[in-house]
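Enquirer: The structure follows.
The values are calculated or read from the model by the stated rules, or taken from the named source; none is laboratory data. Everything numeric in this text was worked out from a predicted model, so none of it was measured. Note: ideal-geometry Cβ built from the backbone for every residue, glycine included; neighbour counts use all protein chains shown. With ligands, DNA and RNA removed, areas are computed over all heavy atoms of the protein, side chains included. Shrake-Rupley method; radii C 1.70, N 1.55, O 1.52, S 1.80 Å.
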Amino acid sequence: MNSIDPVLLGLPEVANQEIFHADHDLGWVLPAPEPRERVHTRSIVCRGFRRADGLFDIEGRFIDTRPFAYHSEARGDTPAGRALHHMQVRLTIDRQRVIRELVSAMPATPHWSCPEVNRNFQRLVGVSIAKGFKQCLRERLGGIEGCTHVIGLLEAMAAAALQTFSSATHAPRPAGEPKPVHVWKIDALIDTCYAYRHDGPMLEERARRAAASGEGS
C-alpha cells in the first residue's frame, strides 16, 4: 500500500494500517475496467470495542479525497489528497443497544460552519440503534438539523454495532464477565438476504448449528 500523509487526512491515526484492513487488501477483484482515471475516493471505516465497564464503543470515520489539486471558493487552493470531508463519531452503547454517550469531530469540512452541527448529534443520546434507528435519524437530524455525511456514517455504524455484538460472542472473555449479548436469532434472518432465503441450503445448516450451540451470529 502506498504511504499516506496523515496530515492531509486530518489525524495521525489514519497512518495505522490496521484500520484500513491492509492485511486483507488483495486489490480490486472485479473484471478489468475500461480505460479511466480516478477522480474520487470515499472511505467509511467502522470499529467496535468491548469496554472494561461492560459498555461498547462503536467508532466511525468518513473521508472523501480527490487525487488532484484543485481550487474552490470555500477552500481556496487545495492539494491533491487533502480530505474534502473528514467526520468521526464514537457511540458508546449498552447491552440493550441504547446510546449512552456520543462524541463527534470534523477535522476537515468543505465549509467553515459545518462543525457547528456537532452539537445537534447529542439528540441521539438515549436512542436505541435497533429497529427504527434510520427513521429516528431523519426525525432528529434531518434537513438543516444535521449532516448528510454523518447520517450516512451513523447508519453504517449501527450495522457495525450488530456485528460487534456478534464478534463479542466469539471473543475471549475474562472470568466473571456477563454472557455476551445475542442481538438476533436465526428465525429473524429468514428471507432478509439471498443466503438466508427460506428455501436455501444454508438456513437449515445455520439453524441446526444455532440449536446445538444456543447461539446466533
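Enquirer: Residues of the stretch 105-120 being under 17 Å from Gly142 (Cβ atoms) and hydroxyl-bearing (Ser, Thr, Tyr), which ones?
Expert: none
Enquirer: With the requirement that a residue be at pLDDT 90 or above and among the charged types (D, E, K, R), what does the stretch 42-79 give you?
Expert: Scanning the stretch 42-79 gives Arg42, Arg47, Arg50, Arg51, Asp53, Asp57, Glu59, Arg61, Asp64, Arg66, Asp77.
Enquirer: Among the residues of the stretch 29-75, write down those that are under 30 Å from Pro174 (Cβ atoms), in a loop (DSSP other than H, G, I, E, B) and out of contact with any Asp or Glu (no Cβ under 9 Å at 6 or more places or on another chain).
Expert: If the condition is that a residue be under 30 Å from Pro174 (Cβ atoms), in a loop (DSSP other than H, G, I, E, B) and out of contact with any Asp or Glu (no Cβ under 9 Å at 6 or more places or on another chain), then Ala52, Asp53 are the ones that fit.
Enquirer: Still on this model: When the residues of the stretch 80-102 are narrowed to those that are under 19 Å from Leu137 (Cβ atoms) and open to solvent by 80 Å² or more (accessible area, probe 1.4 Å), which ends up modelled with the lowest pLDDT?
Expert: Applying the filter and picking the extreme gives Gln96.
Enquirer: When the residues of the stretch 170-217 are narrowed to those that are among the β-branched types (Val, Ile, Thr), assigned to a loop (DSSP other than H, G, I, E, B) and modelled with pLDDT under 80, which ends up surrounded by the most Cβ atoms within 10 Å (Cβ to Cβ)? Outline the logic, then answer.
Expert: Going through the stretch 170-217, the residues among the β-branched types (Val, Ile, Thr) turn out to be 181, 183, 186, 190, 192.
Narrowing the set further to residues that are assigned to a loop (DSSP other than H, G, I, E, B) leaves 181, 183, 190, 192.
Add one more test, that the residue is modelled with pLDDT under 80, and what stays is 181, 183.
On the way: Val181: 15, Val183: 19.
Across the stretch 170-217, the extreme among qualifying residues is Val183.
Rundown of residues vs (1) of a type outside the set (Val, Ile, Thr); (2) part of a loop (DSSP other than H, G, I, E, B), yes/no style:
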position	(1), (2)
Leu91	yes, no
Arg100	yes, no
Val117	no, no
Phe121	yes, no
Gly126	yes, yes
Ala130	yes, yes
Gln135	yes, no
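Enquirer: Scan the stretch 109-131 and tell me whether some residue there is more than 28 Å from Asp53 (Cβ to Cβ) and charged (D, E, K, R).
Expert: yes
Enquirer: Looking at (1) of a type in the set (Ser, Thr, Tyr); (2) surrounded by 11 or more Cβ atoms within 10 Å (Cβ to Cβ); (3) out of contact with any Leu (no Cβ under 8 Å at 6 or more places or on another chain), which is the one condition that is false for Ser113?
Expert: (2)
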